[in-house]
Amino acid sequence: MKTYFLVLLFSILAVSCSKKVEVKGNFAGGSPLERIEFIEASGVATLPLTNIGVDSKGSFTGSFEAPKNGMYIMTYAGKQAMVYLKGGQTLNISGQAQNFPQQFTVTGDAKNNNDLLKEFQKFFEGYAAKVNVGEMVAQDEATFLKTIDRIKNDIEKGIDAAAKKTSADSEVADFKKDELHASLLGLMNQYEMNHGLASQNPSFKVSKNFRDVEKKLEGDTDKMLRSQPIFRNYLLGKLSQDFQTFATDNNKDGKALTSELFAKFINTKKDLSQLAKDYLLGFVLSSTDIQQGMPAENIAKLDKVIKDNVKDAEIKKDLEKVLFVISGPKVGEAAPASKLIKQDGSSDKLFDGKGKPTLVMFYASWNPYISEATVPVLKEVVNFYKSKMNFTFVNVDDTKEQFVKTSNAMLKGIPGTNLYGEGGLNSQVAKDFGIYGFKLPSFIVLDKDGKIASRFFYNLGDPEIVTVLDKVTGLKAPMVQPEAHLQNDLLAPQNQAPQEQKAPATK
């Protein structure tokens, strides 16, 4: 009996401490070419936590580890919705594909908390229509602070009413109140910056009472920093003008990266906590300088900025991961010896050791940029370089059966080795090379010794990849027609997870 009780106790603790979220549902009319992703809304430089396929009937199922309880961005068919998730929950989602995200239903363990979000949104849309920010900025300070207090009380009552009606967890109501306080702080910052001009009083300065109200709204700043991107936006807004002056004075030659300048600037702010410095620098890094196709010297600079300045272990880990995903393995390093399989199930590897360089392509059947229109371009590249180069095509579909079907249909007749990363985007090869859905299709070159010889490319017409291929093979490719390339529009900024904060920009 004692043993049974201990087993039961441990199983209860395991469930209660689990971070795994089980996802399932159906979008009627959904396409199997579409995928569902979840992204932590409050993280720094966040990457998709999962990439779930949709079958021909619009059904989907999957799971992922939720780093913490809070808001998550759910993406489907290029559209986004916000959901509140807790570790250990089951999330059931249903709706019409064409109506997402305006209309969808959440059931399962996450129902009540997400019902609160929907119920509150109805209230807020009506309330916000009555608030005129322009008029508020022109008010005298005392009237403005009374308006802020009235808005705070009214909306908090709306949150409490929605929580009571939906029987949601108190932590979700607290989250929405923190979000409200961060938004009000943003309004106060706008008032401080613009009231002098609006009131034709350029010497205007806010009072101690104004600062006291700010302090009260900020509350637990560490908690706000960790959960509210809007609060980080507020802090960045307060620093923006000072940073622009600092950047102008400290970047005379124009060669410094924004992140390098901001790291130096933020370290002069003794009134900011280290956690605030880490979050703000993390945002500036991810929103300004960490970019696809950046030169190796920039990668080294950013790596140094992260290592030297970011102290929080979780933030540092996230930033280092996204830098690796964007840049890929370092040129000159041996290519990871990831486990791969052939169509017959036997094991293989990216590099065969026969002394020829290799062009590696990562792809999946559901990616819209792998189609019949792109295959002729790939075929031309392979045919031109095949005497001096090997080709390996790595599929990261969800199943081996889909890999076999896709490779037979799509790559038939193209010389090269067809391999599969078992587990798709969860495979070891995807982890070793930092492969995510937004990086497909992508190409990387290995030299004759199996070492990384290039960064990742997303366009076979890129002059830089042609230069690399010519260098490793000794051949000279003809000029590529402008329209003959593999374009990956998923790397465009509009497809990145949105952040509500804005980084201070240099002039």
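The values are calculated or read from the model by the stated rules, or taken from the named source; none is laboratory data. Computed from a predicted structure; not experimentally measured. We place every Cβ from the backbone using ideal geometry, glycine too, and count neighbours over all the protein chains shown.
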State whether one or more residues within region 457-464 are within 22 Å of residue 321 (Cα to Cα) and either part of a strand (DSSP E or B) or in contact (Cβ under 8 Å) with a residue 24 or more places away in the chain (or both). yes
Any idea which of 234, 191 is closer than 28 Å to residue 314 by Cα and surrounded by 20 or more Cβ atoms within 10 Å (Cβ to Cβ)? 234
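Can you tell me how many residues within region 336-387 are within 19 Å of residue 424 (Cα to Cα) and hydrophobic (A, V, I, L, M, F, W, C)? Working first, answer last.
Keep residues of region 336-387 that are within 19 Å of residue 424 (Cα to Cα), which gives 336-350, 360-371.
Okay, now just the ones that are also hydrophobic (A, V, I, L, M, F, W, C), so 337, 340-341, 350, 360-362, 364, 366, 370.
Qualifying residue count, region 336-387: 10.
A quick yes/no check of all residues on (1) surrounded by fewer than 16 Cβ atoms within 10 Å (Cβ to Cβ); (2) at pLDDT 95 or above:
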residue	(1), (2)
88	no, no
111	no, yes
116	no, yes
125	yes, no
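Can you tell me how many residues in region 366-380 are part of a loop (DSSP other than H, G, I, E, B) and farther than 12 Å from residue 411 by Cα? Reasoning before the result, please.
Taking region 366-380 and keeping what is part of a loop (DSSP other than H, G, I, E, B), we get 366-374.
Applying the additional criterion that residues be farther than 12 Å from residue 411 by Cα yields 366-369, 373.
So the answer is 5.
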Scan region 194-221 residue by residue and report those that are part of a helix (DSSP H, G or I), touching a residue at least 12 places away in the same chain (Cβ under 8 Å) and over 12 Å from residue 178 (Cα atoms). 194, 195, 198, 209, 210, 213, 214
Among 452, 414, 465, which is in the same structural domain as residue 363 (by TED's automatic domain parsing), in contact with a helix residue (DSSP H, G or I) (Cβ under 7 Å, 6 or more places away or on another chain) and not charged (D, E, K, R)? 414
Selection over region 381-427 where residues are under 15 Å from residue 460 (Cβ atoms), in a loop (DSSP other than H, G, I, E, B) and not aliphatic (A, V, I, L, M) yields a count of 2
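Can you confirm whether residue 56 is within 22 Å of residue 278 (Cα to Cα) and in a loop (DSSP other than H, G, I, E, B)?
On the way: within 22 Å of residue 278 (Cα to Cα): no; in a loop (DSSP other than H, G, I, E, B): yes.
No, not satisfied.
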Among (1) surrounded by 15 or more Cβ atoms within 10 Å (Cβ to Cβ); (2) free of Cβ contacts under 8 Å to residues at least 40 places away in the same chain; (3) among the charged types (D, E, K, R) - the single one residue 379 does not satisfy: (1)
Looking for something hydrophobic (A, V, I, L, M, F, W, C), within 20 Å of residue 286 (Cα to Cα) and part of a helix (DSSP H, G or I) - is there at least one such residue anywhere in region 244-255? yes
Can you tell me which residues in region 350-373 are surrounded by fewer than 20 Cβ atoms within 10 Å (Cβ to Cβ) and closer than 25 Å to residue 475 by Cβ? 352, 353, 354, 355, 356
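Residues checked against (1) within 25 Å of residue 320 (Cβ to Cβ); (2) of a type in the set (Lys, Arg); (3) out of contact with any Phe, Trp or Tyr (no Cβ under 9 Å at 6 or more places or on another chain):
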| site | (1), (2), (3) |
| --- | --- |
| 200 | no, no, yes |
| 205 | no, yes, yes |
| 217 | no, no, yes |
| 233 | yes, no, no |
| 237 | no, no, yes |
| 272 | yes, no, yes |
| 283 | yes, no, yes |
Return a yes/no flag: does region 345-364 have any residue that is touching a residue at least 12 places away in the same chain (Cβ under 8 Å), under 19 Å from residue 394 (Cα atoms) and acidic (Asp, Glu). yes
Residue count, region 434-457, condition of a type in the set (Gly, Ala, Ser), over 23 Å from residue 471 (Cα atoms) and touching a strand residue (DSSP E or B) at 6+ places or on another chain (Cβ under 9 Å), comes to 1
Give me a count of the residues in region 357-403 that are of a type outside the set (A, V, I, L, M, F, W, C) and in contact with a helix residue (DSSP H, G or I) (Cβ under 6 Å, 6 or more places away or on another chain). 7
Any residue in region 308-319 that's in contact (Cβ under 8 Å) with a residue 40 or more places away in the chain and surrounded by 14 or more Cβ atoms within 10 Å (Cβ to Cβ): show its pairings with residues that are in a helix (DSSP H, G or I) and among the acidic types (Asp, Glu) at Cβ separation under 7 Å, as long as the two are six or more apart or on different chains. 315/278
Condition set in contact (Cβ under 8 Å) with a residue 24 or more places away in the chain and closer than 13 Å to residue 165 by Cβ, scope region 115-133, selection farthest from the chain's Cα centre (by Cα): answer is 123
Go through the residues of region 153-169 one by one and say whether even a single one is over 30 Å from residue 87 (Cα atoms) and either surrounded by 11 or more Cβ atoms within 10 Å (Cβ to Cβ) or not polar (S, T, N, Q) (or both). yes
